[in-house]
Amino acid sequence: MLRIVLLLEAIGGAWLVWNVVQGMFAAGDEPIGDRIILLVACVLWWGWILITAWGARRARPGWVRSSAITIHVLLFAAATGILQGLIGPQTVLGLELLVLAFAGFVAALLARPDAPEIPEGE
């Protein structure tokens, strides 16, 4: 389940980065520094998601689980900020992110690494 959530986030991240790049050129009156920082933040976030998804695909449960829990706690914070109206009336977006954050958090908690087997003679 965690792999599916991370895949959805990776696809959504590509869409978000593309929209931010388009918005950078459309917002000609905004300061260039603000636009660049927003793009850098989105690319870093997307890279984090991609690396975590790659780790989940390669069956690296320890650090993938920690990374996914951190990602989804931060996503929950972003969703509650959106629901409070910090970026305007975006209730549907806030609820979608809230559901995704909750699903990812639960999936990360359930993706526990298996305990190593101890030989019977020891």
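The values are calculated or read from the model by the stated rules, or taken from the named source; none is laboratory data. As the structure is a prediction and not an experimental result, all values here were calculated from the model. So basically every Cβ, Gly included, is an ideal-geometry build from the backbone, and we count neighbours across all protein chains shown.
Given the conditions (1) surrounded by 14 or more Cβ atoms within 10 Å (Cβ to Cβ); (2) modelled with pLDDT of 90 or more; (3) out of contact with any helix residue (DSSP H, G or I) (no Cβ under 6 Å at 6 or more places or on another chain); (4) under 20 Å from Ala14 (Cβ atoms), which single one is not true for Glu96?
If we test Glu96 against (1) surrounded by 14 or more Cβ atoms within 10 Å (Cβ to Cβ); (2) modelled with pLDDT of 90 or more; (3) out of contact with any helix residue (DSSP H, G or I) (no Cβ under 6 Å at 6 or more places or on another chain); (4) under 20 Å from Ala14 (Cβ atoms), just (2) comes out false.
Restricting to the range 89-113, what's the tally of residues that are more than 14 Å from Val64 (Cβ to Cβ) and not hydrophobic (A, V, I, L, M, F, W, C)?
Here the count works out to 5.
So which residues in the range 20-29 are out of contact with any helix residue (DSSP H, G or I) (no Cβ under 7 Å at 6 or more places or on another chain) and either closer than 17 Å to Leu100 by Cβ or not in a helix (DSSP H, G or I) (or both)?
Gly28, Asp29
For the range 1-21, give me the residue count where each residue is more than 9 Å from Ala53 (Cα to Cα), small (Gly, Ala, Ser) and surrounded by 14 or more Cβ atoms within 10 Å (Cβ to Cβ).
Of the residues in the range 1-21, 2 are more than 9 Å from Ala53 (Cα to Cα), small (Gly, Ala, Ser) and surrounded by 14 or more Cβ atoms within 10 Å (Cβ to Cβ).
Please count how many residues of the range 22-53 are over 30 Å from Met1 (Cβ atoms) and surrounded by 15 or more Cβ atoms within 10 Å (Cβ to Cβ).
4
Inspect all residues belonging to the range 54-67 and state whether any of them is surrounded by fewer than 17 Cβ atoms within 10 Å (Cβ to Cβ) and of a type in the set (Phe, Trp, Tyr).
Yes, some residue in the range 54-67 is surrounded by fewer than 17 Cβ atoms within 10 Å (Cβ to Cβ) and of a type in the set (Phe, Trp, Tyr).
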